[in-house]
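Novice: Below is one structure. I have some questions about it.
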């Protein structure tokens, strides 16, 4: 048997897989089951109730007050009266002015609601991006595992053929040793890649909630519109990224808290309408009815300096939140730059790596033919085999890096969740940017 025929192409027999899971299906599944994401959804719902409570602050309160018991009355005439009494009152209180406290409370809760809504989007993006990475890494490590298996089979075939030649007295001992060295190294690399593949399965299982083999995954198809240059990417990221939106909402909350603290420096005016029915009160037998319509005025003159300190506290909080936003913007700038460089450079590298793979395969084929007729040393052919294997490895790595970079750019721009879930913004009543164009 000619050695060139043995090592020319090694095909690993794998069954044709019926893909049972797409990336889109996986994302839908984790959004409906991931506990971390669901926690953020429940937080949003709780804040929504608090916002509804704040909106009701303009409505009056209505209280029914009743009392019943023993009463003893001492009068200036020296005649004491005692006995059982009861009293029932219906009191309606409508605030007319409270230093704009109600208005600012609504602004506070609206800012908290916006932060919670964008927080859901932020958590969704983090969850989805982690899942996308795990999905791509599982496919990548499966491809690398297949390459490692092919590499072992190739070097095994070479080693057996060289050993047969050496045992028959037609080959050199050094060639057998060299082929054996490459064969054992290929086996070692296969073991390492098997471990990497198992780790990728475990990571995927943690995020997805169930164990899935790579053969069950369909290769993702990316069809979003990525802006053509870095400036557009950066502009959209700073406009739409939910982490930025959360912090901008926190700044508005701090501003509303600061404005709300000023209410303590204004008087409070309430309208109180009350009706009271009394029986046997004040030691006098009989029924009495009292009706009143009162304007009640309350103005605090001294509160130990607490009101001023509270106002200053929220002014400091507002400055702190602005610094937090500045820090987030720096971090986002770094992330956008990294993602764009990874996306653009890897896209260029893939074309070159494909050429490198093709050239290395052609070189290997030529070396195999030359080795078969004695015009090429074994070490040259083994080196060519190693280069071809490395070229295919590098291409698999680059394609996985590029695939992830595309989704990471969507994450930076705040459109990753919307890419998989069109109605996400409507569900949580927040404006979202579209992945379908560079417009906002």
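Here, each number is a calculation from the coordinates, and none is a lab measurement. All figures in this text were calculated on a predicted structure; none of them were measured in a lab. Cβ: placed from backbone, ideal geometry, glycine included. Neighbour counts: every protein chain shown.
Novice: Just to confirm the number: angle between the C-alpha axis of helix 173-208 and the first principal axis of the chain, 0 to 90 degrees, nearest 10?
Specialist: Between the helix axis and the principal axis of the chain, the angle is about 20 degrees.
Novice: Out of these labelled values of volume of the Cα convex hull per residue in Å³, (i) 232; (ii) 216; (iii) 186, which was calculated from the coordinates shown here?
Specialist: (i)
Novice: Still on this model: With the chain treated as a Gaussian network of Cα nodes joined by springs under 10 Å, which of 236, 354, 142 yields the largest mean-square fluctuation?
Specialist: 354
Novice: Could you please rank 61, 401, placing first whichever residue has the fewest other Cβ atoms within 10 Å of its Cβ?
Specialist: With the fewest neighbours first, 61, 401 line up as 61, 401.
Novice: With the chain treated as a Gaussian network of Cα nodes joined by springs under 10 Å, which of 417, 75, 281 yields the largest mean-square fluctuation?
Specialist: 75
Novice: What list do you get for 429, 258, 141 if you sort them by fewest beta carbons within 10 Å?
Specialist: Details: 429 11, 258 19, 141 24.
Ascending Cβ contact count within 10 Å gives the list 429, 258, 141.
Novice: While we're looking at this one, here's another question. Using alpha carbons only, how many degrees (0 to 90, rounded to 10) separate the axis of helix 242-260 from the longest principal axis of the chain?
Specialist: 20
Novice: While we're on this one: Could you line up 381, 137 from fewest to most neighbouring Cβ atoms inside 10 Å?
Specialist: Numbers: 381 24, 137 21.
Ranked by crowding around the Cβ, least crowded first: 137, 381.
Novice: How much length is gained if the chain between residue 38 and residue 309 is pulled fully straight, taking 0.36 nm per residue apart and subtracting their Cα-Cα distance, in nm to one decimal? All intermediate terms of the calculation are to be shown ahead of the outcome.
Specialist: Working: separation 271, 0.36 × 271 = 97.56 nm, distance 3.81 nm.
Value of the extension gain: 93.7 nm.
Novice: Which distance in Å, rounded to a whole number, links the C-alpha centroids of the stretch 329-362 and the stretch 142-177?
Specialist: Distance between centres, Cα-based: 34 Å.
Novice: Just the number, please: percent antiparallel of the DSSP beta bridges in the chain, rounded to the nearest 5.
Specialist: Numbers: 37 of 38 bridges.
The antiparallel proportion sits near 95 percent.
Novice: Once the Cα atoms of helix 101-167 and of the chain are each reduced to a long axis, what angle between those two axes, in degrees from 0 to 90 to the nearest 10, is obtained?
Specialist: The angle comes out near 10 degrees.
Novice: Relative contact order for the stretch 246-369: what is it in percent, counting Cα pairs under 8 Å that are at least 6 residues apart?
Specialist: Working: 83 pairs, mean separation 34.5, N = 124.
For the stretch 246-369, the relative contact order is 28 percent.
Novice: May I ask you to order 151-158, 271-278 by the average number of other C-beta atoms within 10 Å around their residues, highest value first? Could the numbers behind the result be given before it?
Specialist: On the way: 151-158: 21.4, 271-278: 15.2.
Packing proxy ranking, top to bottom: 151-158, 271-278.
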